[in-house]
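**Q** I'd like to ask you about the structure that follows.
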Amino acid sequence: MDKFYNETYRKLETAIQEQEIEIDNPIKRIEAIIQLIIKSLSDLKEFVLKNDFKDMEAEIYFFKYQKPVIVSKLIYYNAIYKIETRKPYGAKRIRKYFTKELKKLKRFFDNNLDFYKYYRSNNSFVDEKFFVRGKHDIRLWLDSFYFEADHRFSTSHDYKVAKIIANDLIQVYLEDRLNNLNLKKVSENSLKWTASKTALTELIYALYSHGVFNNGNTDIKLIAKAFEDAFNIELGDFYHTFMELKARKINRTKFLDSLCEALIKKMDEKDEK
């Protein structure tokens, strides 16, 4: 059983990675991946029904640790598919939508806290009821899903384990999406350099030459990177730009001179009031 499972899982992982590379459209990619997972589960089910398990210990191991890993992928990708296809328009609405989806995960956790503790603590004293077929106990946190499943290939709690694994992945996905939205919001509200890149390069080299950062012990590349991040700009080959500034025959500090003129003008305006 282990050999067949490991080979099936390896092939599935490889196939998923190939789809991630080959299909650019995220919705089409998820659809293709879901079909791959369904096929793998079908192959696994066929093997189990034909060969069965050598003993109860092997059966428990399969339904507690092996099958849920593949089923969790199906739950995860199906959830992501629904999340992305039902997503509203507008950053504010999307943020609210993702937050609501995270709350659903929290409700599942709260409603299944006892089983979370059992599974996460790696307990085994009720494994024969949880992970052996036909041994269900209706008093032990059963989902209605179990009664609709094929009991030849399901136990009372293997799906719940898969759900726990999947929910961890879904939570990471949603939190990443929220973080990206928040970063985008910060970026949209941040300062943008709207003068020329040459002007900024001139300013950076002036500050570098004057040693205003870390007592003059800072590399010019670090200063340039800090300005790029702060003002949402890419300077490119700023050293080449500086060499062009050096090569100027007239007014090599054009931007700095204009800053001085603008500041003096502003000071004079205040003095007149």
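The values are calculated or read from the model by the stated rules, or taken from the named source; none is laboratory data. Because the structure is a prediction, the values reported are computed rather than measured. We place every Cβ from the backbone using ideal geometry, glycine too, and count neighbours over all the protein chains shown.
**Q** Filter the stretch 224-273 down to the residues that are β-branched (Val, Ile, Thr) and closer than 17 Å to Ser196 by Cα and list them by number.
**A** If the condition is that a residue be β-branched (Val, Ile, Thr) and closer than 17 Å to Ser196 by Cα, then Ile233, Thr241, Thr253 are the ones that fit.
**Q** Another one. So in the stretch 63-98, with the set limited to residues that are out of contact with any helix residue (DSSP H, G or I) (no Cβ under 7 Å at 6 or more places or on another chain) and either closer than 18 Å to Arg29 by Cα or not in a loop (DSSP other than H, G, I, E, B) (or both), which one is modelled with the lowest pLDDT?
**A** Once the filter is applied, the top-ranked residue is Lys92.
**Q** Oh, and also: Val172 - would you say it is at pLDDT 90 or above, surrounded by fewer than 13 Cβ atoms within 10 Å (Cβ to Cβ) and within 31 Å of the chain's Cα centre (by Cα)?
**A** Yes.
**Q** Could you list, in sequence order, all residues of the stretch 219-273 that are in a loop (DSSP other than H, G, I, E, B) and either touching an Asp or Glu at 6+ places or on another chain (Cβ under 6 Å) or not β-branched (Val, Ile, Thr) (or both)?
**A** Asp219, Asn232, Glu234, Leu235, Gly236, Asp237, Arg248, Lys249, Asn251, Arg252, Lys273
**Q** If you check Asn182 against the conditions, is it over 15 Å from Phe115 (Cβ atoms), of a type outside the set (A, V, I, L, M, F, W, C) and within 22 Å of the chain's Cα centre (by Cα)?
**A** yes
**Q** In addition: Find the residue count for the stretch 88-119, including only residues that are under 16 Å from Tyr173 (Cβ atoms), without any contact (Cβ under 8 Å) to a residue 24 or more places away in the chain and basic (Lys, Arg).
**A** Summing the residues that are under 16 Å from Tyr173 (Cβ atoms), without any contact (Cβ under 8 Å) to a residue 24 or more places away in the chain and basic (Lys, Arg) in the stretch 88-119 gives 4.
**Q** Any residue at all in the stretch 18-37 that's modelled with pLDDT of 95 or more, over 20 Å from the mean Cα position of the chain (by Cα), closer than 23 Å to Ser154 by Cβ and aliphatic (A, V, I, L, M)?
**A** Checking the stretch 18-37: at least one residue is modelled with pLDDT of 95 or more, over 20 Å from the mean Cα position of the chain (by Cα), closer than 23 Å to Ser154 by Cβ and aliphatic (A, V, I, L, M).
**Q** Okay, next question. Pro68 - would you say it is surrounded by 19 or more Cβ atoms within 10 Å (Cβ to Cβ) and under 23 Å from the mean Cα position of the chain (by Cα)?
**A** Yes; evaluated as a whole, the condition is true for this residue.
**Q** Just to be sure, is Lys39 exposed (fewer than 14 other Cβ atoms within 10 Å of the Cβ) and assigned to a helix (DSSP H, G or I)?
**A** Here the answer is no, as Lys39 does not meet what is asked.
**Q** Name every residue in the stretch 101-115 that is in a helix (DSSP H, G or I) and over 23 Å from the mean Cα position of the chain (by Cα), in order of residue number.
**A** Matches in the stretch 101-115: Asp110, Asn111, Leu113, Asp114, Phe115.
**Q** Now for a separate question. Could you check the stretch 143-158 and list, in sequence order, the residues that are in contact with a Lys or Arg (Cβ under 9 Å, 6 or more places away or on another chain) and either at pLDDT below 90 or surrounded by 19 or more Cβ atoms within 10 Å (Cβ to Cβ) (or both)?
**A** Asp143, Phe145, Tyr146, Asp150, His151, Ser154, Thr155, Ser156, His157, Asp158
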